[in-house]
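Working notes, structure below.
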Amino acid sequence: MISKSQIKLITGLQQKKYRDKYGLFVAEGPKVISELIQSGMIPEMFFASETLSVAGSSAILITPGELQKISMLKTANNSLAVFKTPKVSPIQTRGLIVALDAIRDPGNLGTIIRLCDWFGVSQLVCSTDTVDCYNPKVIQATMGSIARVQVNYTNLSEFIQQSDLEVFGAVMSGETVYECKLPSEGILVMGNEANGISVALEQQLNHRITIPRFGELQATESLNVATATGILLSEFRRLTGK
């Protein structure tokens, strides 16, 4: 059974103000839940509509109808868990860092977190107006990578100003990334889905880089920010080998 107070708490976690208040977030589906548990996170609550045990944690069995009541998804998966939000560690200005300027789409942020995990980028620094990384839609899109990538929210302009790393920004008109000399350490800035990198931040870039179009008509206006991030991270790793 699941109590009314638990239902109220879990459904409230759809909103950032309650995630912040209680220091909790929701993950759904055995794949995501398993990745989080195997990364060392311990579920505060764990419910499933069928008998389920993940990495030593057993779910409390509830009905599919009860699971649908607490699910953030249109059609509930077979399991849902509530985890404590990890404590935020200070930003370490070393290695390759991805910085996000006002990314608003949860799916984009979740995919970028997963890309950082794939390409060995351990730190993601976000502007304060970037979507919350513990938004349920972000968590689902990370597929568990949120447990392995440190996400910080800060004033990006101040962060860049205080860093000694070279700063690369993805822009529509710049030096083609395939001809750049890319370092193993640096900050890669990715801009808002509609407006790109803000004017103030663009002035702080050391290098303006772009992904060239190869289509015959060259009619495509731009790339999705998550797709662009994946291409650029691949190029950074290909050229530096680490």
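The values are calculated or read from the model by the stated rules, or taken from the named source; none is laboratory data. Keep in mind the model is a prediction, meaning the values are calculated, not measured. Every residue, glycine among them, receives a Cβ derived from its backbone with ideal geometry; neighbour counts consider all protein chains shown. SASA here: full protein model, heavy atoms, side chains in, ligands and nucleic acids out. Shrake-Rupley method; radii C 1.70, N 1.55, O 1.52, S 1.80 Å.
Among the residues of the stretch 162-174, those that are open to solvent by less than 90 Å² (accessible area, probe 1.4 Å) and part of a strand (DSSP E or B) comprise Val167, Phe168, Gly169, Ala170, Val171, Ser173, Gly174. For the stretch 48-81, how many residues meet the condition of being under 29 Å from the mean Cα position of the chain (by Cα), among the β-branched types (Val, Ile, Thr) and more than 19 Å from Pro106 (Cα to Cα)? Residues meeting the conditions: 3. Have a look at Asn206, Asn195 and point out the one that is open to solvent by 20 Å² or more (accessible area, probe 1.4 Å) and at pLDDT 95 or above. When all the criteria are applied, what remains is Asn206.
On the basis of being outside any loop (DSSP other than H, G, I, E, B) and at pLDDT 95 or above, does Leu188 make the cut? Judged against the criteria, Leu188 is a match.
Okay, residues lined up against (1) open to solvent by 50 Å² or more (accessible area, probe 1.4 Å); (2) at pLDDT 95 or above; (3) hydrophobic (A, V, I, L, M, F, W, C):
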residue	(1), (2), (3)
Ile42	yes, no, yes
Glu50	yes, no, no
Gly56	yes, no, no
Val82	no, yes, yes
Leu100	no, yes, yes
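Checking each residue in the stretch 92-134 for being in contact with a helix residue (DSSP H, G or I) (Cβ under 9 Å, 6 or more places away or on another chain) and of a type in the set (Asp, Glu) picks out Asp101, Asp105, Asp117, Asp132.
Is there a residue in the stretch 211-233 that is surrounded by 14 or more Cβ atoms within 10 Å (Cβ to Cβ) and in a strand (DSSP E or B)? No.
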